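Peer 1: Take a look at the following structure, please.
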Amino acid sequence: MSRVLPNLRYTREHEWLLVEGGRGRVGITDYAQESLGDVVYVELPGVGDKVVQGEPFGVVESVKAASDLYAPVSGVVVEVNEALKESPELVNRDPYGEGWMILVEMADEGELEKLLTAEEYEKLLAGEGE
Amino acid sequence: MKGTPLIFERSCPGREGFRLGDPGVPEVDLGATLGRDFLRSELDLPEVSEVDVVRHYTALARMNFGVDDGFYPLGSCTMKYNPKINEEVAALPGFANLHPYVPEELAQGILKLLYELQAYLAEITGMDFVTLQPAAGAHGELTGMLIIKKYLEDRGEKRTRVIVPDSAHGTNPATAKECGFEVVEVKSNPDGLVDVEKLKEAVDEKTAALMLTNPNTLGLFERRIREIAAVLHERGALLYYDGANLNAIMGRSRPGDMGFDVVHLNLHKTFSTPHGSGGPGSGPVGVKAFLRDYLPVPVVDEKDGRYFLNYRLPRSIGRVRAFYGNVGVAIKAYAYIRALGAKGLREASEMAVLNANYLKKLVEDLFVVPYRGPCMHEFVVSAKNWKQNYGVRAADIAKRLLDYGYHPPTMYFPLIVEEALMIEPTETESKETLDAFAQALLDIHEEARTRPELLKEAPLSLPVRRLDEVKAARDMKLKW
Amino acid sequence: MRYVPHTPGQVAEMLAFLGLSAVDELFAVIPEEVRFKGELSLPPALDEVELRRELEALAGANPGSGYVSFLGAGAYDHYVPAAVRALASRPEFLTAYTPYQPERSQGTLAAIFEYQTMIARLTGMDVVNASVYDGASALAEAVLMAFDLKRKKKVVVSGAVHPEYVETVKTYCYGVGGEVSLVPYTPGYETDWGAAEKAADGEAAALVVSVPNFFGVVEDVRRAQELAREKGLLLVVVANPISLALLKPPAAYGADLVVGEGQPLGNALSFGGPYLGFLGARAAYVRRMPGRLVGETVDALGRRAFVLTLQAREQHIRREKATSNICSNQAQNALLAAVYLAYLGPRGLRDVAYHSHTRARYFLTRIDEAGRGVRVLCRRIFNELVVEVEGLEEKYQQALERKILPGLKLERFFPAEKNRLLVAFTEKRTRGEIDALLEVLGVK
């Protein structure tokens, strides 16, 4: 059973968002990293790039799969997890911690309403055969 | 322990293999003729003798496995036997030493061969015209879909979407995108076939084409194909045939008669040319008459008994490569068709289908069969029961088959079947081979029940054990 | 039933096992309206003796294959050493599929890894893929890669690039909605750099130049490098691999992508195919590369081994988001190239390049010395050059009568280029053969 943290918001595409003031930290969920298998590469935007809610902002790649990363919120990227360049396995080891991907200065906090709560996300996973 | 050898490790400074003698014409000062700024200072290649080279590549060959080594039921790839005579005739100096820009009157033999092959393939598929230019199946797809794009644009239509079933080869959506289309996926119905009702909903005035394999990647014949064609055509869209599975139906059914407008074939599957460890293939494209002018140039044509390269196709999409195609491959396919004739080709398909159904019945009780009913030239089983019961996956079965001296079936395709194994025996395998292979699966099933760890460690009898694919991707060492 | 092993008895036995009485019943699933009922209209089957006779007759009807050839223009009549063909055509390589089961395909995988390494060393590039269809499609793939990397859809292409490559690039560009800006060449058959500069506007993603170019000229690569740097374009170089035994690797003058036709490396002419396209890139672009890549890894016991890697770029995983739709490539031809490069080594390859060059220079010098009838139109050449021949048509026919293929009439691709002949040389051409050509052309 994959872990779902209560303090995060989620997308249907299995990204999580941690609200830190006006900013949001983004990564992929435990379920996502498990389904992908060993992550070998993460392609992320640069600092200063704009991301749009629901649109791809990067790619996460394992040996047998590659999947687009979808932005949970719109805004400007203010920080990128550089450690993933050298150690993509952090995404598998600690998806909600050291495996985070980008920090976004949120453009519209109203967008948070469109994200799933932990409870809703757990229901989604149950539907996917978890 | 060293693992797989490389030629670089045999290199010894100063050792020589192939050298030439005196030029026989005056020597040249390269600095003066080419300019010192343009010259290179060093060239780092292996320094080995002829014996070194021969022993090294002979050693590598022994680490490989081809159809000549044993049974190769790799689904969707039609690994039939590659007749030796085909290799010999393609290597005849009259073909092998022929430059592509030789004047046409000095190349009438090859032009005649290519012209006739175009006609044979048109007859076999029920199409009107064929180009031999595409170098492989995916290249044929690109050619075919560009033809469709240009034809629709010429009619002033703005059709931006291409429909592919969820069971399709990955090349289909990739091709559609390379032609600038948006991809719409339609789900298969519970019988593993195109869901015609869903298709009707998906097709609209934006639809350019449906890309379809028939029989499909599950080895099932799309029985409602005429209806599917009508759905597309009534709404002004075209129907594209992925010829990967033509080996099931030669002389029994023709894509052209089913309503397809464009087809591509794989000479390296259906027409017995060897796969060469990944290529060269050849992916001829056939079209109905209304699309003839869109074919890539040149096509081979004939007038008054003289064969020539015809560049006069006013609406041509242009070239998809230099010269005229993988001619060496075309020669082998031509020889195959001439050896078999109409009856032989039909029998090839019949025996391919017989072998698949026979093997299916021998092994299906070991697996979960996702789609019931008779198959065509290949079938798909799911090993999810092995996973549930013994913790053994499709890949483990495949690796253990290597120890038994077989090349495994295609794994994890089509994507819509969990733990898929896709098995295509082809017509060139004997009953004895099929019986022995079925027995091997039975034995492996027993191993899975009693000693599952054996399967997870397999292969155990080869020069290397299971490989660390994650390390390869993370470390990314792509040269020595 | 050629190539089918079943006896009639076995067919009956297998049908009975399936509960069937006739082969027809296997096809009952095909609806009546799409059943093919007649017999395909094909010539009757031949036994092997007849087949060989038939194919020998067709091969014999290509007398051009036996002529003394000065044809080049993208396909070269180099010598293929006996060992190269013997090794590369071993059935363990020839009759295998793509190495999807790496434990049973180490031979192919190691050979491709060697191929990637040797092409990388020749071109100076960081990464090289396992081959694409041919030189023209390699260039087209490189252009699509440049569009993707730069997020722009225009490419500036030198008019001295092989015209069939340019046409191929145009076709691929039509698919993705890209634009090709073709730059003219000068009377000396070099890229017109002034025109190239004008074409290289802010919309362009890449500059394509061929070294040597279609006309045989070694372009001034410093101009290409400067232009690409000033305008922020990716520099795509089309290279002849044999020439790289003498010439600087394109990476040394700033190439971002290097492509070319690998046929000269141990592959038969075979009327234009199968050949192989090579494609090399800077390391940073590896995830945008089309086609297969072989990487090094270890097995469960820690032994070195090779495997297809970075497959998440490819169509069988990434589907419509793949870097290309390519699946089958030209592995057998890449194997020929690998064995060829390994066998020749640094000195053997240099011999081939140098011998080819000396012959072209001999031809050029003899024409200069004669000073009439034929005129040399380009000078910084590798193994091929354009000459102007008075009364070319007549002399061309005379050459054919003497079983000499004197070269390519440029008119074939450039209608304005009357009386111009593109003449190519390899190590196979002897002084006597060149003298015979000179004589036919009227050079005394």
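Peer 1: Which ones in segment B:124-174 are more than 13 Å from B:ALA208 (Cα to Cα) and of a type in the set (Val, Ile, Thr)?
Peer 2: B:ILE124, B:THR125, B:VAL130, B:THR131, B:THR143, B:THR171
Let's see how each residue does on (1) in contact with a His (Cβ under 8 Å, 6 or more places away or on another chain); (2) charged (D, E, K, R); (3) within 25 Å of C:PHE425 (Cα to Cα); (4) outside any strand (DSSP E or B):
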{"position": "C:ALA252", "(1), (2), (3), (4)": "no, no, no, yes"}
{"position": "C:GLY260", "(1), (2), (3), (4)": "no, no, yes, no"}
{"position": "C:PRO264", "(1), (2), (3), (4)": "yes, no, yes, yes"}
{"position": "C:ASN267", "(1), (2), (3), (4)": "no, no, yes, yes"}
{"position": "C:TYR275", "(1), (2), (3), (4)": "no, no, yes, yes"}
{"position": "C:ALA284", "(1), (2), (3), (4)": "no, no, no, yes"}
{"position": "C:PRO290", "(1), (2), (3), (4)": "no, no, no, yes"}
{"position": "C:GLY295", "(1), (2), (3), (4)": "no, no, no, no"}
{"position": "C:VAL298", "(1), (2), (3), (4)": "no, no, no, no"}
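Peer 1: In segment B:299-316, how many are among the aliphatic types (A, V, I, L, M) and free of Cβ contacts under 8 Å to residues at least 40 places away in the same chain?
Peer 2: Summing the residues that are among the aliphatic types (A, V, I, L, M) and free of Cβ contacts under 8 Å to residues at least 40 places away in the same chain in segment B:299-316 gives 1.
Residues are listed down the side, and each one gets a yes or a no for (1) aliphatic (A, V, I, L, M); (2) free of Cβ contacts under 8 Å to residues at least 40 places away in the same chain; (3) in the same structural domain as B:ASN189 (by TED's automatic domain parsing):
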| residue | (1), (2), (3) |
| --- | --- |
| B:ILE397 | yes, no, no |
| B:GLN439 | no, yes, no |
| B:ILE444 | yes, no, no |
| B:ARG466 | no, no, no |
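Peer 1: Continuing with this model, one more query. So, C:ALA284, is that one more than 8 Å from chain B (Cβ to nearest Cβ) and more than 23 Å from the chain's Cα centre (by Cα) or not?
Peer 2: For C:ALA284, the condition - more than 8 Å from chain B (Cβ to nearest Cβ) and more than 23 Å from the chain's Cα centre (by Cα) - is met.
Peer 1: For segment B:134-170, name all the residues that are at pLDDT 95 or above, of a type outside the set (Asp, Glu) and within 15 Å of the chain's Cα centre (by Cα).
Peer 2: Those that are at pLDDT 95 or above, of a type outside the set (Asp, Glu) and within 15 Å of the chain's Cα centre (by Cα): B:PRO134, B:ALA135, B:ALA136, B:GLY137, B:ALA138, B:HIS139, B:GLY140, B:LEU142.
Peer 1: Please find, within segment C:368-385, the residue that is nearest to the chain's Cα centre (by Cα) out of those that are of a type in the set (D, E, K, R) and closer than 11 Å to C:VAL218 by Cβ. Before you say what the answer is, go through the steps one by one.
Peer 2: To start, the set of residues in segment C:368-385 that are of a type in the set (D, E, K, R) comprises C:368-369, C:372, C:375, C:379-380, C:384.
The next check asks that each one be closer than 11 Å to C:VAL218 by Cβ; those that pass are C:379-380, C:384.
Numbers: C:ARG379: 25, C:ARG380: 23, C:GLU384: 17 Å.
Here the answer is C:GLU384.
Peer 1: Having 1 or more residues that are on the phi > 0 side of the Ramachandran plot and out of contact with any strand residue (DSSP E or B) (no Cβ under 8 Å at 6 or more places or on another chain) is the bar; report the helices (runs of 4 or more DSSP H) wholly within segment B:381-480 that clear it.
Peer 2: none
Peer 1: Please pick out the residue among A:GLU128, A:GLU89, A:GLU79, A:GLU120 that is out of contact with any strand residue (DSSP E or B) (no Cβ under 9 Å at 6 or more places or on another chain) and of a type outside the set (A, V, I, L, M, F, W, C).
Peer 2: When all the criteria are applied, what remains is A:GLU128.
Peer 1: I would also like to ask the following. Are any residues in segment C:303-330 in contact with an Asp or Glu (Cβ under 9 Å, 6 or more places away or on another chain) and more than 18 Å from A:VAL63 (Cβ to Cβ), and if so, which ones?
Peer 2: Residues satisfying the conditions are C:ARG304, C:GLU320, C:SER324, C:ASN325, C:ILE326, C:CYS327, C:GLN330.
Peer 1: Further question on the same structure: Check C:GLN263, C:GLN225 and return the single one that is within 12 Å of another protein chain (Cβ to nearest Cβ) and either in contact with a Ser or Thr (Cβ under 7 Å, 6 or more places away or on another chain) or crowded, with 24+ Cβ neighbours inside 10 Å (or both). Spell out how you get there, then give the answer.
Peer 2: Numbers: C:GLN225 fails: either in contact with a Ser or Thr (Cβ under 7 Å, 6 or more places away or on another chain) or crowded, with 24+ Cβ neighbours inside 10 Å (or both).
When all the criteria are applied, what remains is C:GLN263.
Peer 1: So which residues in segment C:324-376 are β-branched (Val, Ile, Thr) and more than 9 Å from chain B (Cβ to nearest Cβ)? Walk me through how you get there before you give the answer.
Peer 2: Keep residues of segment C:324-376 that are β-branched (Val, Ile, Thr), which gives C:326, C:339, C:352, C:358, C:365, C:367, C:374, C:376.
C:ILE367, C:VAL374, C:VAL376 - these are the residues of segment C:324-376 that are β-branched (Val, Ile, Thr) and more than 9 Å from chain B (Cβ to nearest Cβ).
Peer 1: Within segment A:38-50, can one find any residue that is in contact with a Lys or Arg (Cβ under 7 Å, 6 or more places away or on another chain) and within 24 Å of A:LEU124 (Cβ to Cβ)?
Peer 2: No, the conditions are met nowhere in segment A:38-50.
Peer 1: Within the bounds of segment B:113-131, is there any residue that is modelled with pLDDT of 95 or more, more than 30 Å from C:SER65 (Cβ to Cβ) and surrounded by fewer than 24 Cβ atoms within 10 Å (Cβ to Cβ)?
Peer 2: Yes, that holds for at least one residue.
Peer 1: Can I ask one more? So which residues in segment B:299-330 are more than 9 Å from chain C (Cβ to nearest Cβ) and either assigned to a helix (DSSP H, G or I) or aliphatic (A, V, I, L, M) (or both)?
Peer 2: B:VAL299, B:VAL300, B:LEU309, B:LEU313 - these are the residues of segment B:299-330 that are more than 9 Å from chain C (Cβ to nearest Cβ) and either assigned to a helix (DSSP H, G or I) or aliphatic (A, V, I, L, M) (or both).
Peer 1: Exactly one of these conditions fails for A:SER35: (1) modelled with pLDDT under 95; (2) part of a loop (DSSP other than H, G, I, E, B). Give me its number.
Peer 2: (2)
Peer 1: Oh, and also: Considering each of C:PHE306, C:PHE278 in turn, give the residue that is modelled with pLDDT of 95 or more, crowded, with 24+ Cβ neighbours inside 10 Å and at the interface with another protein chain (Cβ under 7 Å from one of its Cβ atoms).
Peer 2: Only one candidate qualifies: C:PHE306.
Peer 1: Between a residue in segment C:238-255 that is facing chain B (nearest Cβ under 7 Å) and any residue that is of a type in the set (Phe, Trp, Tyr) and not in a loop (DSSP other than H, G, I, E, B), which pairs come within a Cβ distance under 9 Å, given they are 6 or more apart or on different chains?
Peer 2: Correct list of pairs: C:ALA245/C:TYR354; C:LEU246/B:PHE38; C:LEU246/C:TYR354; C:LEU247/B:PHE38; C:LYS248/B:PHE38.
Peer 1: If we keep just the residues of segment B:23-69 that are of a type in the set (Ser, Thr, Tyr) and either under 30 Å from the mean Cα position of the chain (by Cα) or in a loop (DSSP other than H, G, I, E, B) (or both), which is nearest to the other protein chains (Cβ to nearest Cβ)?
Peer 2: Per the stated criteria, the residue is B:TYR57.
Peer 1: Somewhere in segment C:356-374, is a residue part of a strand (DSSP E or B) and either modelled with pLDDT of 95 or more or farther than 25 Å from B:GLY137 by Cα (or both)?
Peer 2: Looking for residues that are part of a strand (DSSP E or B) and either modelled with pLDDT of 95 or more or farther than 25 Å from B:GLY137 by Cα (or both), one finds at least one in segment C:356-374, hence yes.
Peer 1: Within segment B:201-211, identify whether any single residue is over 19 Å from B:HIS264 (Cβ atoms), at pLDDT 95 or above and in contact with an Asp or Glu (Cβ under 7 Å, 6 or more places away or on another chain), and answer yes or no.
Peer 2: No: segment B:201-211 contains no residue that is over 19 Å from B:HIS264 (Cβ atoms), at pLDDT 95 or above and in contact with an Asp or Glu (Cβ under 7 Å, 6 or more places away or on another chain).
Peer 1: Is there a residue being surrounded by fewer than 19 Cβ atoms within 10 Å (Cβ to Cβ), in contact (Cβ under 8 Å) with a residue 60 or more places away in the chain and within 20 Å of B:ASP22 (Cβ to Cβ) anywhere in segment C:420-432?
Peer 2: Looking through segment C:420-432, at least one residue is surrounded by fewer than 19 Cβ atoms within 10 Å (Cβ to Cβ), in contact (Cβ under 8 Å) with a residue 60 or more places away in the chain and within 20 Å of B:ASP22 (Cβ to Cβ).
Results for (1) at pLDDT below 95; (2) surrounded by 20 or more Cβ atoms within 10 Å (Cβ to Cβ); (3) assigned by TED's automatic domain parsing to the domain that holds B:ARG465, shown as yes or no for each residue.
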| position | (1), (2), (3) |
| --- | --- |
| B:LYS2 | yes, no, no |
| B:GLY14 | no, no, no |
| B:ASP22 | no, no, no |
| B:VAL25 | no, yes, no |
| B:LEU30 | no, no, no |
| B:LEU34 | no, yes, no |
| B:LEU45 | no, yes, no |
| B:VAL54 | no, no, no |
| B:ASP69 | no, no, no |
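Peer 1: Is at least one residue of segment B:72-95 at the interface with another protein chain (Cβ under 7 Å from one of its Cβ atoms), in contact with a Gly (Cβ under 6 Å, 6 or more places away or on another chain) and free of Cβ contacts under 8 Å to residues at least 12 places away in the same chain?
Peer 2: no
Residue-wise test of (1) polar (S, T, N, Q); (2) in contact (Cβ under 8 Å) with a residue 12 or more places away in the chain.
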{"site": "B:THR4", "(1), (2)": "yes, yes"}
{"site": "B:ARG10", "(1), (2)": "no, yes"}
{"site": "B:GLY24", "(1), (2)": "no, no"}
{"site": "B:LEU34", "(1), (2)": "no, no"}
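The values are calculated or read from the model by the stated rules, or taken from the named source; none is laboratory data. What you see is a predicted model; the values in this text were computed from it and never measured. Cβ sites come from the backbone with ideal geometry, for glycine too, and all protein chains shown count toward neighbours.
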